[in-house]
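Engineer: The structure under discussion is supplied below as structure tokens; questions concerning it will follow.
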Amino acid sequence: MANDFSKGKVWQNIVYQALPLMLAQLVQLLYNVVDRVYIGHLPGADSLALTGIGLAFPLTTLIAAFTFLFGTGGTPLFSIARGSKEEERAEKILGNTFTLLLGTSLILFLLCYTFRRPVLYLFGASDDSYVYADAYLRIYLFGTAFSMLATGLNGFINAQGFPRTGMLTTLIGAVLNLILDPIFIFVLDMGVSGAALATVLSQMASCIWVLYFLTGKKALLTIKRKNLKVNWGLTREITALGISGFIMQGTNCLVQVVCNATLKLYGGAQPVLGYNYGAKCYTKVKQGIRFMSLLGIGYTVAAWLVVLLSPHFLLSVFTALGYSKQAIFFSLLRKVMIVTPLTLLLPRLGLGVDGVFLAEPISNAVGGIACFVTMYFVLYRKLGKISHLPT
């Protein structure tokens, strides 16, 4: 039975679930590439339009972080309850997650929309690039609820054994966006605002699809009005499980901000230092190098302090699972402990802009290997010693 994951071979169930989701991700990747191709060909925009969109990414990533907090926290709890035949509890988890996603999306919309100007300048906007960033963000933010609900609740479709339906959530949004982008950007001459509007409408379509399924007759477990009231006990369980996903996305936001700031700083320093070097004003060149070095060290120390000072607080709050500490640690490891310091240091070790882009693959390699080795020794080997687990 496709909806009962305890039946049949484990690898077949995994493949059955994974293939549609992989296809959906490939389509999403294609959309992301084509979307930026459209924006990059805006008449007279040069590279400023793409720069402006890039400046909005940290905020969109922050929204994704809260989506992950509740979505990736609620889905495994829902699956566990469904496997335990606790269907009433599973539906309460689903309803609770819906309310948390919707409520948080409204708060994020109000905060991000109200403070988007100072935040964009904090993220590295110039007067020229801000025009494009603001044109995109002030429309994109109206899709916050659609985005969070579609993404955060889609896992509950997959968790009920309907991966193809879950795949369509992504496909519907991606394909619609590909169709609407050129119409709004070029035909209606809306430029960057058109790209944002196409995204919002696509997110709305995906959201409607998810809600239609999760309130309809095909779903095994559905969203019911009686389960929409926030249960704080369930909320603690959901956030305990979702915190690692939140940290992964949240640190992505941090890395994007640091990359934007570093690239802007490096780009600004290069002509100044080059000019003074050409003019043989070597004293000023040395002053510039000292300034860049001190600033880089300051950034790095600040990033490390965040990691050094916050783990005790984070780990004391979330103790719902025996392995939540490991999940939180590895969420912090890749982005905060590796990517952020390397992004700041590698450009100052002679690699320039290339250093910014090398930080990510280095982090992927180191973090991935460390995570796998830890998983093997801490969890995988123990599973074989637990005799009461079903086979």
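Engineer: How much accessible area does Val119 have with a 1.4 Å probe, in Å² rounded to the nearest 10?
Structural biologist: For Val119, the solvent-accessible surface is approximately 40 Å².
Engineer: Here's another thing I want to ask about it. Once neighbouring chains are kept in place and the probe is 1.4 Å, which whole percent of the accessible area of region 35-179 is contributed by carbon and sulfur?
Structural biologist: 67
Engineer: Please compute the per residue accessible area over region 39-137 with all protein chains in place, 1.4 Å probe, rounded to a whole number of Å².
Structural biologist: 43
Engineer: Still on this structure: Calculated FRET efficiency, Leu220 and Leu106, Cβ-Cβ r, R0 25 Å, to nearest 0.05?
Structural biologist: The pair Leu220/Leu106 has a calculated efficiency of 0.30.
Engineer: Using bins 5 angstrom wide from zero, how does P(r) for region 127-254 break down, in % of all Cα pairs?
Structural biologist: For region 127-254, the pair-distance distribution reads 2, 10, 14, 17, 18, 16, 11, 7, 4, 1, 0.
The values are calculated or read from the model by the stated rules, or taken from the named source; none is laboratory data. Given the structure is predicted, the values throughout are model-derived calculations rather than measurements. Glycine gets a Cβ as well: all are built from the backbone with ideal geometry, and neighbour counts include every protein chain shown. We work out accessible area using only protein heavy atoms, side chains counted, and drop any ligands, DNA or RNA first. Shrake-Rupley method; radii C 1.70, N 1.55, O 1.52, S 1.80 Å.
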